[in-house]
Structure formats: C-alpha cells, structure tokens
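**Q** Below is one structure. I have some questions about it.
The values are calculated or read from the model by the stated rules, or taken from the named source; none is laboratory data. This one's a predicted model, so the numbers in the text were calculated from it and none came from an experiment. Positions of Cβ are backbone-derived with ideal geometry, glycine not excepted, and every protein chain shown enters the neighbour counts. Note: accessible area is taken over every heavy atom of the protein model, side chains too, but ligands, DNA and RNA are not part of it. Shrake-Rupley method; radii C 1.70, N 1.55, O 1.52, S 1.80 Å.
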Amino acid sequence: FTVEFEGLRVCSPHDIHIIEEAAKLGWQWINHMRSEAALHASSAQLAGMFEQAGAGIALCDRRGVFQQVNDRYCEIMGLQRQMIAGRSILELQKDLPANSQPMFYETFLTAEAPFELTQHHVLADGSVVWVQTHVTPLLDAQQHLSGLLFVCVDITARVGAEHQLIELNESLEQRVATM
C-alpha cells in the first residue's frame, strides 16, 4: 500500500490517520477475501466427499424432512433423488412397498444420542436390501434437535454370507449326528 502526493508535502496527523485507516481497511478486505476463498474450497471439498462417499448419506431437518441425500443413499433406498429430497421420513415410509420393513420411524425425531439400526427393506423390483444405518441426532447450541444425519451401508452380501454359513453349519451338524 503506497500513498503518493504531487510535489512535496508534509502530512498532517489527520492525513496520517486517514492513510492508516485506509491501509487497515485494505488488509481487512484482503483477509476477508482469503477467508472467503478458504471457505469456498472447504465447502467444495465437503460437498465432494458427501457425493462420492461409499456409504449412503442423508440429512434431515428437525421435522424429519430430507434436505440432502447422496446418490449412494438413493441406490440403497431404490428411489430417485427427487422422490426423497423435500419429503418427510413418514411420507417416504408410506411409499415403500407394504412388505418392506421401513428404515425410518417417528421416534427418530426424539433421539438424543446416536444409535444404529440393522434392517431390511424390499425395493420396487422385489429385491431385498439389508441396511446398517447409523443415525446421529444433530443438536444446536442449546442441545435441541436441529436435524438428523443418516449414514447407511448396504450389508446385503454380508447377511447373505452369514445365512449361508448358518445353513452350512446346520447341515454339518446333521451329518455328524448321523455318523
């Protein structure tokens, strides 16, 4: 920051004060722009992680209305994003097939601590998806519920392998018993 005058000039205390204040405002603006750029980069990184996560992620407000979901969450639920975003947990529950065990319950809206669920639901094509869901209540500064964070992992393959192992174990026990 430089100040130039035409010709020779002696700066008065008032001139010096104005120059110092202008320099302070300049530095404040520079620091503000750096902070804004860092915030923008951080937000872009967070949005990228949200969208590219291997787990299904959904964010609801305090009323249980979906504010944001990633593609993986849509895949796990077997629904398109526009069928989820802006709708409540209870509305979404009604749209799931009748033979499906719903992932979401009204009691989520009263949760005060994180918890985990392992459940299944049936997609529109009839296939069964087993899902392990970690639910985190998001609390504001006054410790009131401000939203819910759902992180879902499709564990269908693991559940299938566990069932096969149980069946194998039972058949092995039967073979040993008949010997």
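**Q** As an exercise: evaluate P137 against (1) open to solvent by 70 Å² or more (accessible area, probe 1.4 Å); (2) touching a residue at least 24 places away in the same chain (Cβ under 8 Å) and give the number of the one condition it does not meet.
**A** Failing condition for P137: (1).
**Q** Name the pairs: first residue in the stretch 154-179 and in contact (Cβ under 8 Å) with a residue 12 or more places away in the chain and closer than 23 Å to H121 by Cβ, second residue open to solvent by 100 Å² or more (accessible area, probe 1.4 Å) and assigned to a helix (DSSP H, G or I), Cβ to Cβ under 9 Å, at least 6 apart or on different chains?
**A** D154/E75
**Q** Please note which helices (runs of 4 or more DSSP H) are completely contained in the stretch 64-179 and include at least 3 residues that are modelled with pLDDT under 85. Walk me through it before giving the result.
**A** Details: elements: 71-77, 81-84, 89-95, 156-178.
Those helices (runs of 4 or more DSSP H) span 89-95, 156-178.
**Q** Which of the residues belonging to the stretch 148-161 are out of contact with any Leu (no Cβ under 9 Å at 6 or more places or on another chain) and open to solvent by less than 90 Å² (accessible area, probe 1.4 Å)? Spell out the reasoning first.
**A** From the stretch 148-161, those out of contact with any Leu (no Cβ under 9 Å at 6 or more places or on another chain) are 151-161; that's our starting set.
Listed by number, the residues that qualify are V151, C152, V153, D154, I155, T156, A157, V159, G160, A161.
**Q** Further, regarding this structure: Would you mind finding the one in V10, V3 that is open to solvent by 80 Å² or more (accessible area, probe 1.4 Å) and not in a helix (DSSP H, G or I)?
**A** Numbers: V3 fails: open to solvent by 80 Å² or more (accessible area, probe 1.4 Å).
Among V10, V3, only V10 is open to solvent by 80 Å² or more (accessible area, probe 1.4 Å) and not in a helix (DSSP H, G or I).
**Q** Say whether the condition of being polar (S, T, N, Q), surrounded by 10 or more Cβ atoms within 10 Å (Cβ to Cβ) and over 30 Å from T110 (Cα atoms) is met by at least one residue in the stretch 52-63.
**A** As a first pass, look at the stretch 52-63 and keep what is polar (S, T, N, Q): 52.
Right, trim to surrounded by 10 or more Cβ atoms within 10 Å (Cβ to Cβ) and you get 52.
So of that shortlist, the ones also over 30 Å from T110 (Cα atoms) come out as none.
Within the stretch 52-63 (the criterion being polar (S, T, N, Q), surrounded by 10 or more Cβ atoms within 10 Å (Cβ to Cβ) and over 30 Å from T110 (Cα atoms)), the answer is no, since none of the residues qualifies.
**Q** Inspect all residues belonging to the stretch 34-45 and state whether any of them is closer than 30 Å to A124 by Cα and either in contact (Cβ under 8 Å) with a residue 24 or more places away in the chain or acidic (D, E) (or both).
**A** No; the residues of the stretch 34-45 include none that is closer than 30 Å to A124 by Cα and either in contact (Cβ under 8 Å) with a residue 24 or more places away in the chain or acidic (D, E) (or both).
**Q** Then there is this: What pairs come up if the first residue lies in the stretch 62-79 and is over 20 Å from Q119 (Cβ atoms), the second is open to solvent by 10 Å² or more (accessible area, probe 1.4 Å) and not acidic (D, E), and their beta carbons are under 6 Å apart, counting only those six or more places apart or on different chains?
**A** R62/L145; R62/S146; V65/S88; Q67/L59; Q68/L59
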